[in-house]
Amino acid sequence: QVQLVESGGGLVQAGESLRLSCAASGIRFRINAMRWYRHAPGKQRELVAGVYSSGITNYADSVKGRFTISRDNAKNTVSLQMSSLKPEDTAVYYCNARSTAPSSAFQYDYWGQGTQVTVSS
């Protein structure tokens, strides 16, 4: 059974920090990418940050310089260190893992249940 378990959300004041963590288990094929998305009310889901098996990372422009994504390949975990949080960072944050079947190259996407991050002004 595939599980992505997230933790670390909460309520903070603007300028404070939070760290989100996600642990993946039960995924059959090699995980190529682990990413964090967020979904705020009235807005489209947004890719916040991603880390790939090559070690390359990418970030949304809105979080560059404030958020840092890291991954432990051996443990299949990914973390998102969020600093200098702003009220506009308020959203439900979702962990995503993408793996690829080596024989067919079919890609599988797995999602966590989401964790609420609320930043008050």
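The values are calculated or read from the model by the stated rules, or taken from the named source; none is laboratory data. A quick note: this is a predicted structure, and the numbers were derived from the prediction, not measured. Ideal geometry is used to build each Cβ from the backbone, glycine not excepted, and the neighbour counts take in all protein chains shown. All accessible areas refer to the heavy atoms of the entire protein, side chains included, with ligands and DNA or RNA removed. Shrake-Rupley method; radii C 1.70, N 1.55, O 1.52, S 1.80 Å.
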Just to verify a result, which residue in segment 9-20, among those that are assigned to a strand (DSSP E or B) and open to solvent by 50 Å² or more (accessible area, probe 1.4 Å), is farthest from Ser103 (Cα to Cα)? Gln13
For segment 15-39, how many residues meet the condition of being within 15 Å of Phe67 (Cβ to Cβ) and small (Gly, Ala, Ser)? 3
Kindly provide the set of residues from segment 96-121 that are open to solvent by less than 20 Å² (accessible area, probe 1.4 Å) and either in contact with a helix residue (DSSP H, G or I) (Cβ under 6 Å, 6 or more places away or on another chain) or among the basic types (Lys, Arg) (or both), ordered by number. Val119
Find the residue count for segment 21-45, including only residues that are small (Gly, Ala, Ser) and either buried (at least 19 other Cβ atoms within 10 Å of the Cβ) or in contact with a His (Cβ under 7 Å, 6 or more places away or on another chain) (or both). 2
Meets criteria (assigned to a loop (DSSP other than H, G, I, E, B), open to solvent by 10 Å² or more (accessible area, probe 1.4 Å), in contact with a Leu (Cβ under 7 Å, 6 or more places away or on another chain) and touching a residue at least 40 places away in the same chain (Cβ under 8 Å)) for Glu6: no
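Yes/no per residue for (1) of a type in the set (Asp, Glu); (2) out of contact with any Leu (no Cβ under 7 Å at 6 or more places or on another chain); (3) assigned to a loop (DSSP other than H, G, I, E, B); (4) modelled with pLDDT of 95 or more:
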{"residue": "Cys22", "(1), (2), (3), (4)": "no, no, no, yes"}
{"residue": "Arg28", "(1), (2), (3), (4)": "no, yes, yes, no"}
{"residue": "Met34", "(1), (2), (3), (4)": "no, yes, no, yes"}
{"residue": "Gln44", "(1), (2), (3), (4)": "no, yes, yes, yes"}
{"residue": "Ser54", "(1), (2), (3), (4)": "no, yes, yes, no"}
{"residue": "Val63", "(1), (2), (3), (4)": "no, yes, yes, yes"}
{"residue": "Ser70", "(1), (2), (3), (4)": "no, yes, no, yes"}
{"residue": "Glu88", "(1), (2), (3), (4)": "yes, yes, no, yes"}
{"residue": "Ala97", "(1), (2), (3), (4)": "no, no, no, yes"}
Selection status of Val48, touching a Lys or Arg at 6+ places or on another chain (Cβ under 7 Å), of a type in the set (Val, Ile, Thr) and open to solvent by less than 30 Å² (accessible area, probe 1.4 Å): yes
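Residues are listed down the side, and each one gets a yes or a no for (1) touching a residue at least 60 places away in the same chain (Cβ under 8 Å); (2) exposed (fewer than 12 other Cβ atoms within 10 Å of the Cβ):
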{"residue": "Ser54", "(1), (2)": "no, yes"}
{"residue": "Arg71", "(1), (2)": "no, no"}
{"residue": "Gln81", "(1), (2)": "yes, no"}
{"residue": "Ala91", "(1), (2)": "no, no"}
{"residue": "Tyr94", "(1), (2)": "yes, no"}
